[in-house]
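> Here it is, the structure in full.
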Amino acid sequence: MNKIYIKTWGCQMNETDSFMIRKILETNTKYKHTNEYKKANILILNTCSVREKAQEKLFHQLGRWKKLKMLNSNIIIAVGGCVANQEGEKIYKRAPYVDIIFGTQTIHLLPNMIEERIKKNKIIVNIKFKGLKKFNYFSNKKHINPKSYVTIMEGCNKKCSFCVVPTTRGKEINRSFKEIILEIKQIVKKKIHEITLLGQNVSSYFYLDKKNKKKYNFTNLLYKISKIKEIKRIRFITSHPKDFNNEVINAYKNIPKLVDFLHLPIQSGSNKILKLMKRGYNIERYKKIIYKLLKIRPNMQFSSDFIIGFPGETKKDFNDTIKIITEINFDSSFSFIYSKRPNTIANKLIDNISLKEKKKRLYEVQKIIFNQTIQWNRRMIGTIQKILVEEKNKNKTGTLIGKTESNRTVHFKGFNDLIGKIILVKITKMKKKYFKGKIVS
Ligand code: SAM
Ligand code: F3S
């Protein structure tokens, strides 16, 4: 049958890695991708270890695939992603029917690893960090027209006390400036008009071109990309408040292609907790960034990440988080209960809050942000929004679908030749999952 099935958990970077795995295997082996796991003889799990539950999920999933392997011993099970980097061979000890363990930076070696596994019939493990070599093995980038993700860096040099990423993805590795620009120039030929720059910490991007003795930082990248005529919108995830300096803030003044929307993780509204988290900024600094941006772009909207119930978080600390949520009026968030992770500094802190209390606090945060999202939605009615037209509406002829800068979906009447263009649309109605609008230009 020669089919591969890939299951992906976690962030956008894992999604991008999975697409790379698929393309690398399809190009270099006889295996083709399938969406039906029952039809596959290679089962790949691309894992996430940011929170404990994601790790437990791995062993539950492996248990289910074990049953398939009992019926067909030729099935190969491969585990990759952050749990593989974190646990390595330990995964095999708990699930001895696993055949291959590969890391976030060894996905390009998978064709060889599969061949070796078939020849030698023994567990194959390679989770080394070998730089960003995987990009050299992959040219067919994922893009759902007219948008695409472009990885600019991976890994993290920060040491947030709660986070496993520095151990699972390794130290920051930046792609070459030239390589990134070249990739974007290639993909715009495929009708790509919106780019999302991807990395654990895009704002700390730094590349030294030794040959030309030139240094490039994140804003150099933004200015260069903004000059590519076909690119009409630029987004990025994720940036860190510590590196969000005036140079990046000023880019919002000079680059209209940067969207009026920013995801900037804050984690907590309490300076005491931020210090324990080793985030490297305080609330005053975070607010400064937001207010400087609002001065340049008064309509800018923000989303953030929150960790609830971090060890030592008192009622007062939690109330400080609620305070900042309402003050900044975040449009949306990713909020989770703190999860104790191996090899992290916070692992040693005494977790003194009951699960019941943590759940109560999380519910409160999510309820407040949900209400803020609804308020932001209501405020959209009657406004004129810049829409990137993405596709025709398959369910209603003569109607198009596009996205606002704040990622809201809008349906409106229009001709197909508008696809890929930025147009002005007046928002007329709010439906359950989308808005309705009328073209004004
Ligand atoms: N680089 C980003 C930043 O500046 O914070 C975040 C990357 S991290 C992989 C994504 C999010 O996962 C974090 O912002 C945090 O909210 C969440 N996260 C990480 N470790 C966590 C943990 N131990 N428990 C709960 N949430 C966690
Ligand atoms: Fe994790 Fe902090 Fe880096 S959240 S990815 S260690 S910036």
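Taken together, the values in this text are just the output of simple stated rules run on the coordinates, not laboratory data. Note that the structure is predicted; figures quoted are calculated from it, not measured. Here the Cβ positions follow ideal geometry from the backbone for every residue, glycine too, while neighbour counts run over all protein chains shown.
> Can you work out the PRE-style zone for residue 41? Point 7 Å along Cα to Cβ, and I want the residues of region 92-121 with backbone N under 20 Å.
What the label zone holds, given the 20 Å backbone N cut-off, is 97-101, 110-121.
> Please report the relative contact order for region 80-237, taking Cα pairs under 8 Å with a sequence separation of at least 6, and give it as a percent rounded to a whole number.
It comes to 20 percent, rounded to a whole number.
> Using alpha-carbon positions, what is the distance between the centroids of region 244-277 and region 75-118, in Å?
Here the answer is 37 Å between Cα centres.
> Let me ask you something else. Quick one: which of 77-86, 340-349 comes out on top by average Cβ neighbours within 10 Å, and what's the full order, highest first? It would help to have the intermediate numbers written out before the result.
Values: 77-86: 25.3, 340-349: 15.3.
Per-residue Cβ counts within 10 Å, averaged per peptide and sorted highest first, yield 77-86, 340-349.
> Suppose R0 equals 30 Å; then what is the FRET efficiency for residue 345 and residue 56 from their Cβ-Cβ distance, rounded to the nearest 0.05?
The pair residue 345/residue 56 has a calculated efficiency of 0.85.
> Given Cβ point charges of +1 (Lys, Arg) and -1 (Asp, Glu) and nothing else, what value in debye, to the nearest 20, does the dipole of region 1-107 about its Cα centre take?
Working: 18 positive and 9 negative charges, 90 e Å.
The dipole of region 1-107 has a size of about 440 debye.
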